[in-house]
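Trainee: Let me begin by handing over the structure; questions about it come next.
The values are calculated or read from the model by the stated rules, or taken from the named source; none is laboratory data. Quick caveat: nothing in here was measured; it's all calculated off a predicted structure. In this analysis, Cβ positions are derived from the backbone assuming ideal geometry, glycine residues included, and neighbour counts consider all displayed protein chains. Calculation scope for accessible area: heavy atoms of the full protein, side chains included, ligands and nucleic acids excluded. Shrake-Rupley method; radii C 1.70, N 1.55, O 1.52, S 1.80 Å.
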Amino acid sequence: MKFTDSPVIELPVGDARLSVQQDNGSMHVGTSVWPCSLVLVKFLDRWARPDPAHNPYAHLLDFRGKRAVELGTGCGAAGMGLYLLGLADIVLTDIAPVMPALRHNLKRNKPVLRKTLKTAVLYWNNGDQIKSLNPPFDIVVATDVVYIEESVGHLVGAMAALVKSDGLVLLGYQLRSPEADKRFWELCEEVFVKEKVRHEDLHPDYAYEEADVFILRKKKEDKDMDKDKEDELNDYGPQEGSESVVPG
């Protein structure tokens, strides 16, 4: 996989090419392009054109009429890439300090995207912000978002609150913290059934050896997860932020 610390990451998607500017010197991790965003996009890009009859991932790429939200968008590589692959109704979210970098990249790539994608400030423990997004969504996208143990409960709670009972979470994942990893999968086990994409099915040029793609679906018995469980996952501190959906 071609992944560098260069100021600009070029990401071919279908017949288009995204140009994503990053700032590795920033104090916010969201201003860097993290590998799993590229891994997820190129995995889906690989399977976007094969004959559906011989495509085990055709169901993931049927974006007709689907609504999606991305958590921890960062510089926007995954969200923009999925939009180019046909996921037209998607909201890109992150915390307030990261939004300037995201909006810069949306503007930078507008000639390729041909529109301004929707963005929203979202803190995962802010119930009002979650409601303002008008869930539930068919698809929740998240890449490289598990690295702080204290935020894991907020993350799983947000995913559970945002995804439809028959929807799915597309997760690009790399182990960043053993403690966060352990806690994340413990909480996911309570809510989701996970499916790991075979590593050989990733795009050969973007098959980073430590990165994986998972598909999460709500457990049948938890499809109508009660309010107490969502509160338990999110009850880790004061709510932050106040902005809702705005044009990107």
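Trainee: Quick one: in the range 54-76, of everything that is among the charged types (D, E, K, R) and outside any loop (DSSP other than H, G, I, E, B), which residue is farthest from Ile9 (Cα to Cα)? Quick ask: steps written out before the conclusion?
Mentor: The initial filter retains those residues of the range 54-76 that are among the charged types (D, E, K, R), namely 62, 64, 66-67, 70.
If we keep only those that are outside any loop (DSSP other than H, G, I, E, B) too, we end up with 67, 70.
On the way: Arg67: 27, Glu70: 20 Å.
Within the range 54-76, the match that is farthest from Ile9 (Cα to Cα) is Arg67.
Trainee: Between a residue in the range 170-184 that is acidic (Asp, Glu) and any residue that is surrounded by fewer than 23 Cβ atoms within 10 Å (Cβ to Cβ), which pairs come within a Cβ distance under 8 Å, given they are 6 or more apart or on different chains?
Mentor: As it stands, the answer is Glu179/Glu149; Asp181/Leu175, since those pairs meet every condition given.
Trainee: All but one of (1) under 14 Å from the mean Cα position of the chain (by Cα); (2) of a type outside the set (S, T, N, Q); (3) open to solvent by 10 Å² or more (accessible area, probe 1.4 Å) hold for Leu87, so report the exception by its number.
Mentor: Every listed condition holds for Leu87 apart from (3).
Trainee: I'm trying to understand the selection: among the residues of the range 138-157, which are out of contact with any Ser or Thr (no Cβ under 8 Å at 6 or more places or on another chain) and more than 23 Å from Leu61 (Cα to Cα)?
Mentor: The answer is Glu150, Ser151, Val152, Gly153, His154, Leu155, Val156, Gly157.
Trainee: Here is a follow-up. Mind listing whichever residues of the range 112-154 are in a helix (DSSP H, G or I), among the β-branched types (Val, Ile, Thr) and in contact with a strand residue (DSSP E or B) (Cβ under 8 Å, 6 or more places away or on another chain)?
Mentor: Val112
Trainee: Among (1) modelled with pLDDT of 95 or more; (2) charged (D, E, K, R); (3) touching an Asp or Glu at 6+ places or on another chain (Cβ under 9 Å); (4) open to solvent by 30 Å² or more (accessible area, probe 1.4 Å), there is one condition Arg176 misses while meeting the rest; what is its number?
Mentor: For Arg176, the exception is condition (1).
Trainee: Can you list residue pairs whose Cβ atoms sit under 7 Å apart, with the first residue in the range 124-150 being free of Cβ contacts under 8 Å to residues at least 60 places away in the same chain and open to solvent by 10 Å² or more (accessible area, probe 1.4 Å) and the second being in a helix (DSSP H, G or I) and among the basic types (Lys, Arg)? Count only pairs 6 or more apart in sequence or on different chains.
Mentor: Glu149/Arg183
Trainee: So, one more: Checking Arg46 against (1) of a type in the set (D, E, K, R); (2) modelled with pLDDT under 95; (3) closer than 19 Å to Leu85 by Cα, which test does it fail?
Mentor: Evaluating Arg46 over (1) of a type in the set (D, E, K, R); (2) modelled with pLDDT under 95; (3) closer than 19 Å to Leu85 by Cα leaves (2) as the failure.
Trainee: Hey, can you tell me all the residues within the range 108-126 that are aliphatic (A, V, I, L, M) and farther than 14 Å from Val69 by Cβ?
Mentor: Of everything in the range 108-126, those that are aliphatic (A, V, I, L, M) and farther than 14 Å from Val69 by Cβ turn out to be Val112, Leu113.
Trainee: Taking Asp212, is it open to solvent by 70 Å² or more (accessible area, probe 1.4 Å) and closer than 29 Å to Pro56 by Cβ?
Mentor: Against the criterion (open to solvent by 70 Å² or more (accessible area, probe 1.4 Å) and closer than 29 Å to Pro56 by Cβ), Asp212 does not qualify.
Trainee: Right, here's the next one. Select from the range 66-78 the residues that are touching a Gly at 6+ places or on another chain (Cβ under 9 Å) and farther than 14 Å from Leu162 by Cβ and list them in ascending order.
Mentor: Gly74, Cys75, Gly76, Ala78
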